[in-house]
1. Return the residues of the stretch 26-37 that are in contact with a Ser or Thr (Cβ under 9 Å, 6 or more places away or on another chain) and part of a strand (DSSP E or B); say none if nothing qualifies.
2. So which residues in the stretch 91-143 are of a type in the set (V, I, T), within 20 Å of the chain's Cα centre (by Cα) and part of a helix (DSSP H, G or I), if there are any at all?
3. Restricting to the stretch 178-204, give me the number of residues that are exposed (fewer than 12 other Cβ atoms within 10 Å of the Cβ) and either free of Cβ contacts under 8 Å to residues at least 40 places away in the same chain or in a helix (DSSP H, G or I) (or both).
4. What are the residue pairs meeting all of these: first residue in the stretch 1-17, first residue closer than 11 Å to A64 by Cα, second residue hydroxyl-bearing (S, T, Y), Cβ atoms under 7 Å, and 6 or more apart or on different chains?
5. Applying the selection to the stretch 1-57, what residues are farther than 26 Å from K77 by Cβ, at pLDDT below 95 and surrounded by 13 or more Cβ atoms within 10 Å (Cβ to Cβ)?
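The values are calculated or read from the model by the stated rules, or taken from the named source; none is laboratory data. Values in this document were obtained by computation on a predicted structure and should not be read as measured data. We place every Cβ from the backbone using ideal geometry, glycine too, and count neighbours over all the protein chains shown.
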Amino acid sequence: MNNVIQVEQLVKTYASGTNEVHALRGIDLTIEPGEFVAIMGTSGSGKSTLMNILGCLDTPTGGAYLLDGVRVDVLDKNALADIRNQKIGFVFQGFNLLPRTSAIENVELPMLYDRSGRKRDTRKLAAAALERVGLGQRLDHQPSELSGGQQQRVAIARALVTEPSLILADEPTGNLDTQTSIEVMALFQELNEQGITIVLVTHEPDIAVYAKRIVEVRDGQIRRDEPVLHREVA
């Protein structure tokens with residue numbers, strides 16, 4: 001079985017005026033199927049750049065990135081868009097739901113953009129995904145009729161619906177209160193127990209410990225990579 005993520009000597013350099021900004025400086029990272037990994041780092045550490053590359057939203061300057069066994073750093077924009085749609089489920093801090101659209105229609109969206117030719121009952125699959133995150137009774141509610149935690153559950157259902165290789169969650173509790181954050185992280189743990197690979201990007205240590213492994217990025221390099229279990233014992 002392929003690793004979900006295999007990154008080798010990943011480099012990202014930006015031009016800023018006459019200067020070069022080295023956002024990533026030779027990152028090596030392997031994530032196996034079924035892992036739950038938190039990527040941590042302060043602002044400017046390189047974690048957002050790394051997340052954008054892992055999510056096929058950006059391409060590296062150097063190095064190699066294999067997603068589910070497919071080398072993606074050499075693909076063009078259209079091919080990357082297809083990979084994003086079929087292989088990655090995104091969950092963002094701001095939920096990114098369409099405001100005047102029901103929960104079930106929001107969850108159907110990724111399937112409507114799927115160019116792989118797969119014929120699917122999108123409504124049935126979207127309803128099943130919402131059921132999976134505990135919103136089976138809220139299919140026809142619009143985002144304005146849902147709490148912040150429920151909106152994030154809709155976003156998680158939308159990420160799940162294409163059965164991706166990877167769920168990529170970027171600060172998913174950033175807009176939520178403490179209790180709702182606990183509930184959302186418990187849901188991620190539950191999904192991970194079902195075998196879903198999750199990569200969580202956060203700057204909050206109390207959120208990172210819900211994962212099974214913490215990777216800390218500083219100055220464009222991985223400074224720490226350890227199981228969460230050891231943190232709890234320490």
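1. Of everything in the stretch 26-37, those that are in contact with a Ser or Thr (Cβ under 9 Å, 6 or more places away or on another chain) and part of a strand (DSSP E or B) turn out to be I31, F36, V37.
2. Once the filter is applied, which keeps residues that are of a type in the set (V, I, T), within 20 Å of the chain's Cα centre (by Cα) and part of a helix (DSSP H, G or I), the stretch 91-143 yields only V107.
3. 5
4. I5/T30; Q6/T30; V7/Y65; L10/Y65; V11/T61
5. Listed by number, the residues that qualify are G41, G44, S45.
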